[in-house]
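Below: one structure, written as structure tokens.
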Amino acid sequence: MNIYEIITARICSRLEQGVTPWQRPWSSGALPTNLCSQQPYRGVNVWLLAVQPYSSPYWATFRQVQEIGGRIRRDEHGTPVVFWKVAEPIAAPDASLEQPAAKQAPLLRYYTVWNTEQCELPSSLTARLQEASGVAFDPIPVCEQIVRQMTRLPVLTHGGNHAYYHPRSDRITMPFPVRFERTEDYYATLFHELAHATGHASRLGRPSLQAPCPFGSAPYGQEELLAEMGAAFVCGVASIAPAILDNSAAYLQFWLQQLREHPRLLLTTAAQAQKAADYILSKAATTTPYAGEGHDTTQGTPPSAPTPA
């Protein structure tokens, strides 16, 4: 059996054992916090800020950004946060009469804040923020070489709190590596997005990526299955498969539940996933001895990436 057959067999075995909960392999960081006061936001503001697509937990007002020597990038839009302002009591008309002051209801007010990822800040400050917001990231050389040597590598950017491939711009967006719980999680997620990218017209021209695919549709599910299996294949070649295999199986199980009317889907998609993996590995395979030496392949909560844009 070759590595692709071994990985497919392991995935099938885990599918037969049932579903394990899928979790995002990266952290969204601490609670939303004001950059200058270092005070966390409270109440509904936590939700208003946490749902925004940024990995940094730090926010500041326009004035605060200016005061620390930064500026907000052009065309960036702020996020409103709310607070209750307690009005001063209204004194009695006749001060000589002993009458209690009339109470005023609190007034709801709001102001606008921007995430630090929307700003250009002094480099000394951004370096400290990055050190405080994540764990150390130790690149895996064999994985780095696979990415670097991929034919027609799409544009790769980091930032935000989502991982996705955008076919129209041929761009992959990933959370910063330090946001991932383990190094293997970062590469498995990246390989998932690279597998999507192989379907671009400039590469394999895969119909499941080219045609409109509504969420939950059979082509959409097939593309997701393909990307996750392709990622698992590449991870197997790079010898980090055991660290990500269980979560891949859980991710595949979810999509198989949506597509039960296609009993042969796993096998047919595996063949397409092999083509995607072969494309990613085409150059690196000729120069890289995939021995996996020095890599930690301890079992853990492995990753899977979000759906394509």
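Going by what's in this entry, would Thr157 be described as free of Cβ contacts under 8 Å to residues at least 24 places away in the same chain and out of contact with any Phe, Trp or Tyr (no Cβ under 8 Å at 6 or more places or on another chain)? Even if it seems obvious, please write down each step before you answer.
Details: free of Cβ contacts under 8 Å to residues at least 24 places away in the same chain: yes; out of contact with any Phe, Trp or Tyr (no Cβ under 8 Å at 6 or more places or on another chain): yes.
When the stated conditions are applied, Thr157 passes them.
Have a look at Ser202, Ser124 and point out the one that is modelled with pLDDT of 90 or more and out of contact with any helix residue (DSSP H, G or I) (no Cβ under 9 Å at 6 or more places or on another chain). Full working, then the answer.
Values: Ser124 fails: modelled with pLDDT of 90 or more.
After ruling out the rest, the residue left standing is Ser202.
Output the residues belonging to the range 168-186 that are touching a Phe, Trp or Tyr at 6+ places or on another chain (Cβ under 9 Å) and either modelled with pLDDT of 90 or more or not in a loop (DSSP other than H, G, I, E, B) (or both).
First, the residues of the range 168-186 that are touching a Phe, Trp or Tyr at 6+ places or on another chain (Cβ under 9 Å): 171-181, 183, 185-186.
Hits for the range 168-186 are Arg171, Ile172, Thr173, Met174, Pro177, Val178, Arg179, Phe180, Thr183, Asp185, Tyr186.
Test of understanding: among Pro212, Pro219, Pro207, Pro167, which residue is farther than 30 Å from Thr126 by Cβ, surrounded by fewer than 18 Cβ atoms within 10 Å (Cβ to Cβ), touching a residue at least 60 places away in the same chain (Cβ under 8 Å) and not hydrophobic (A, V, I, L, M, F, W, C)? Spell out how you get there, then give the answer.
Working: Pro212 fails: touching a residue at least 60 places away in the same chain (Cβ under 8 Å); Pro219 fails: touching a residue at least 60 places away in the same chain (Cβ under 8 Å); Pro207 fails: touching a residue at least 60 places away in the same chain (Cβ under 8 Å).
Step by step, each of Pro212, Pro219, Pro207, Pro167 is checked, and only Pro167 is farther than 30 Å from Thr126 by Cβ, surrounded by fewer than 18 Cβ atoms within 10 Å (Cβ to Cβ), touching a residue at least 60 places away in the same chain (Cβ under 8 Å) and not hydrophobic (A, V, I, L, M, F, W, C).
Of all residues in the range 171-189, how many are within 14 Å of Val147 (Cα to Cα), among the aliphatic types (A, V, I, L, M) and free of Cβ contacts under 8 Å to residues at least 60 places away in the same chain?
2
For the structure I just gave you, tell me whether Leu265 is more than 19 Å from the chain's Cα centre (by Cα) and at pLDDT 85 or above.
Values: more than 19 Å from the chain's Cα centre (by Cα): yes; at pLDDT 85 or above: no.
So Leu265 does not fit the description; no.
Does the range 179-196 hold any residues that are closer than 15 Å to His158 by Cα and either among the aromatic types (Phe, Trp, Tyr) or surrounded by fewer than 20 Cβ atoms within 10 Å (Cβ to Cβ) (or both), and which are they?
Phe180, Tyr186, Tyr187, Phe191
The rows are residues; the columns are (1) of a type in the set (A, V, I, L, M); (2) within 30 Å of His158 (Cβ to Cβ); (3) at pLDDT below 75.
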| site | (1), (2), (3) |
| --- | --- |
| Ile3 | yes, yes, yes |
| Val19 | yes, no, yes |
| Trp22 | no, yes, yes |
| Pro25 | no, yes, yes |
| Pro32 | no, yes, no |
| Asn45 | no, yes, no |
| Ala50 | yes, yes, no |
| Glu76 | no, yes, no |
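Criterion first (outside any helix (DSSP H, G or I), touching a Lys or Arg at 6+ places or on another chain (Cβ under 9 Å), crowded, with 24+ Cβ neighbours inside 10 Å and not basic (Lys, Arg)) does Gly199 satisfy it? Even if it seems obvious, please write down each step before you answer.
Details: outside any helix (DSSP H, G or I): yes; touching a Lys or Arg at 6+ places or on another chain (Cβ under 9 Å): yes; crowded, with 24+ Cβ neighbours inside 10 Å: yes; not basic (Lys, Arg): yes.
Considered against the rule, which asks whether it is outside any helix (DSSP H, G or I), touching a Lys or Arg at 6+ places or on another chain (Cβ under 9 Å), crowded, with 24+ Cβ neighbours inside 10 Å and not basic (Lys, Arg), Gly199 comes out as yes.
Please specify each residue of the range 146-167 satisfying the condition of being in a strand (DSSP E or B) and within 26 Å of Leu129 (Cβ to Cβ). Write out each step before concluding.
Narrowing the range 146-167 to residues in a strand (DSSP E or B): 155-158, 164-166.
Result: Val155, Leu156, Thr157, His158, Tyr164.
The values are calculated or read from the model by the stated rules, or taken from the named source; none is laboratory data. In this text the structure is predicted, and so the values were computed from the model without any measurement. Here Cβ is always computed from backbone atoms with ideal geometry, including for glycine, and neighbour counts include all displayed protein chains.
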